[in-house]
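Engineer: Dumping the structure here so I can ask a few things about it.
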Amino acid sequence: MSKFEEQIKQASTQQNTRWLISGVSISLLLLFIALYIFSLTVYTIQIEPAAAKQSSTQAIATGFGFSYKDKVFAFTDKTSLRVSALGYKDKQRVLKGHIEDGLVSFVLEPKLALLTLQTKPLAAVDWYLDGRFIERAAMLKKELDPGEYVFSAESNYHQTVSENIQIKAGIDSSRIYPLSLLTGSLTINSDQPSAQLHVNAKPQMQAKTVEKLAGQYQVEVKAAGYYRIEEEIEINKSELKIHRNYKLRPKPIELTLNLEPKGGLFVANGLQLNATRAASLPYQKQIIFEYKKPGYISQLSEHQFVPGEQINLSFSLVEQKGEVSISANVKSDIYIQGKRFASTPAKLKLMTKQQSIELRRKGYRSVKKIILPRVDETINLNIQLNTEAQARLLEAKQSYVNSAGTEFQLVIPQGQQFTMGGARDEPGQRANEFQRKVRLERPFYVASTELTEYQFSRRNVSSNKPLVNTAWDEVALYCNQMSLKEGLQPFYSFNAAQYSGFDATANGYRMITEAEWEFMARAYKRQKTTTFAWGNESEVPAAAGNLADTESQLVRYIPRYKDGVSGLANIRSYAVELSGLFDQIGNASEWLHDVYDLTPADQRKVYVDPLGLAKGNNHVVKGSSYLSASKTEVRAAFREGSASPRPELGFRLARYL
């Protein structure tokens, strides 16, 4: 085969191939067109309202299809149509979801219209739509649906503006409303004819009515001597006519004072003023001033004033004196207001003001009197001065209970003298009972009962028995502690915890002295000194005290005597004795203040308020106890000494006034 024949054969093969491809393509195209036509859906479009239909346009928004007049040809289920019309909002929807018998309805909504309203001149007003408040502003912008509306603009200062407005869909519009100010009036008056009136800084006559446009005005009212009044007044539609009647407040009267002497009482129209150099007074047309001070003649001054006046006032007072005659039972120094002035007797000229007069003399209680001298009368003072001891005695209570609960009685010996100790011929007398003459002069307090365990230690509250088995020094220390607690001067002296003596001048607590004990037991409240605390009968009276009785189971006891108690008894278990004390007969013997001394007394001497030696190992024991069974021990003169505590040895406290 020639080359030419091969080329012809090749060309024929290519031509057949083209025809084959074209045939297949056409077949596929025809198949696609058939399928496309088979899937076509036709919709009828209904547009409302009728006014919108006239200017409406349609367009396929998504999917495949086309529209012609009121028909839409859609090839897919997702085809959507957009409908537009002049003055209405566009509306788009998928056709398949809204089909009903091939009909698709589009109801178009009209577009909103923007309405712009403003005032001229620009001023904030209240805008109302169909009678409903919208906002307060100078300009109102509001989007509205088509229709007819009634708009109004109201203001406190302007006439109301109102208009009916027709709104068309999608068509914006605007209005400008001229405002007219309301007209009112202003009348101003003042209680001061000379007052100056200004409105917005311009003068205005009193009581004259002036027309004013609505708005705010600054009113000022002023007059010499009065406080200025300023007020902001508003003329508006609710108050077009305004009347003011101002009452001006007067300024105070300013005083500059020159007062001599200083420290007096300054009075204006009866009102006391706390002023020394200057004062400010509420205005009064007439004021009567008075300046006075005790000891001086008062001065009056009357003045007429205008509001706000300033003046200088001077007052110089003259001294005023009265006569005072002062005398006393002893010559003494006279102190006036704390300064020595003279000696008694004296007649003094003192200023007629409250005077503090004090009479002083060493060793005597000072006496102070407060007096008010008078011009027309002599004041006579006759003052009784007492020694410290006399003064304390006059002030003293007859009895009291101290902070520990111990009752004390006041004893005033009044210099009573008696003989201590036992006479040689006295039955039961012992050699250590030296007789001596004693006189008690110092008043003293003595405990009605013996010191109890609870009073001493504040322990064992149920115990009301006498304190025993306790060292003498411990009780002396207790006395000092009680003295300090009650503001008394401690009687006993200690070096650290070691007893070192006593202070005879102190008024603090101590143990009763031997002289005081025997005075109470045999001389106090008696016509004559007795042998026993109950008297001179040798037989112990029934239940006289807690002694060794027949039921005590002791080897030694008092025959035919019963007291109902074995051992220590509670205090106050037996009747009070002639002295007013309890238990000087029996219960516990008493350890006294005095050092036990065996030196015979000087029979020519009278011992006054004896306290005994300052120091010693033994101290005097007086009085019988529940162990006492002999006549010797129950005598008031019985005495012994002890250096150690004992189970029947107690204490009785005392102190000088």
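Engineer: Hey, which of the strands (runs of 3 or more DSSP E) in region 75-161, taking only ones fully inside, have at least 3 residues that are more than 30 Å from Leu40 (Cα to Cα) and not small (Gly, Ala, Ser)?
Structural biologist: 113-120, 125-129, 132-137, 139-144, 147-154
Engineer: Within region 200-215, does at least one residue satisfy the condition of being open to solvent by 70 Å² or more (accessible area, probe 1.4 Å), farther than 30 Å from Val318 by Cβ and in contact with an Asp or Glu (Cβ under 7 Å, 6 or more places away or on another chain)?
Structural biologist: No, that holds for no residue.
Engineer: Tell me the residue from Tyr509, Tyr499 that is open to solvent by less than 20 Å² (accessible area, probe 1.4 Å), in contact (Cβ under 8 Å) with a residue 60 or more places away in the chain and closer than 24 Å to Asn469 by Cα, please.
Structural biologist: Matching residue, one of Tyr509, Tyr499: Tyr509.
Engineer: Just give me the residues in region 194-218 being within 16 Å of Gly184 (Cα to Cα) and assigned to a strand (DSSP E or B), in sequence order.
Structural biologist: Listed by number, the residues that qualify are Val199, Thr209, Val210, Glu211, Lys212, Leu213, Gly215, Gln216, Tyr217, Gln218.
Engineer: As an exercise: evaluate Glu450 against (1) out of contact with any Asp or Glu (no Cβ under 7 Å at 6 or more places or on another chain); (2) of a type in the set (D, E, K, R); (3) under 18 Å from Asn402 (Cβ atoms); (4) open to solvent by less than 60 Å² (accessible area, probe 1.4 Å) and give the number of the one condition it does not meet.
Structural biologist: Condition not satisfied by Glu450: (1).
Engineer: Also, quick follow-up: Only strands (runs of 3 or more DSSP E) wholly contained in region 230-284 count here; list those with 1 or more residues that are over 39 Å from the mean Cα position of the chain (by Cα) and free of Cβ contacts under 8 Å to residues at least 24 places away in the same chain.
Structural biologist: Once the strands (runs of 3 or more DSSP E) in region 230-284 are filtered for at least 1 residues that are over 39 Å from the mean Cα position of the chain (by Cα) and free of Cβ contacts under 8 Å to residues at least 24 places away in the same chain, nothing remains.
Engineer: Let me ask something else. Does Ser462 satisfy being under 48 Å from the mean Cα position of the chain (by Cα), surrounded by fewer than 18 Cβ atoms within 10 Å (Cβ to Cβ) and under 30 Å from Val401 (Cα atoms)?
Structural biologist: Spelling it out, Ser462 is indeed under 48 Å from the mean Cα position of the chain (by Cα), surrounded by fewer than 18 Cβ atoms within 10 Å (Cβ to Cβ) and under 30 Å from Val401 (Cα atoms).
Engineer: Restricting attention to region 384-405, which residues are closer than 30 Å to Pro345 by Cα and either assigned to a helix (DSSP H, G or I) or open to solvent by 50 Å² or more (accessible area, probe 1.4 Å) (or both)?
Structural biologist: Gln384, Glu388, Ala389, Gln390, Ala391, Arg392, Leu393, Leu394, Glu395 - these are the residues of region 384-405 that are closer than 30 Å to Pro345 by Cα and either assigned to a helix (DSSP H, G or I) or open to solvent by 50 Å² or more (accessible area, probe 1.4 Å) (or both).
Engineer: Can you tell me which residues in region 22-60 are more than 21 Å from Asp77 (Cα to Cα), assigned to a helix (DSSP H, G or I) and either open to solvent by less than 80 Å² (accessible area, probe 1.4 Å) or modelled with pLDDT under 75 (or both)?
Structural biologist: Those that are more than 21 Å from Asp77 (Cα to Cα), assigned to a helix (DSSP H, G or I) and either open to solvent by less than 80 Å² (accessible area, probe 1.4 Å) or modelled with pLDDT under 75 (or both): Ser22, Gly23, Val24, Ser25, Ser27, Leu28, Leu29, Leu30, Ala50, Ala51, Ala52.
Engineer: Of the residues that make up region 319-331, is at least one in contact with a Leu (Cβ under 8 Å, 6 or more places away or on another chain), outside any strand (DSSP E or B), of a type in the set (Ser, Thr, Tyr) and over 20 Å from Gln354 (Cβ atoms)?
Structural biologist: no
Engineer: Can you tell me how many residues within region 412-428 are open to solvent by less than 90 Å² (accessible area, probe 1.4 Å) and either among the charged types (D, E, K, R) or within 17 Å of Gln603 (Cα to Cα) (or both)?
Structural biologist: Number satisfying all stated conditions: 7.
The values are calculated or read from the model by the stated rules, or taken from the named source; none is laboratory data. Everything quoted here is computed from the prediction, not taken from an experiment. No Cβ is skipped: glycine too gets one built from the backbone with ideal geometry, and neighbour counts run over all protein chains shown. Ligands, DNA and RNA are excluded from the accessible area calculation, which covers all protein heavy atoms including side chains. Shrake-Rupley method; radii C 1.70, N 1.55, O 1.52, S 1.80 Å.
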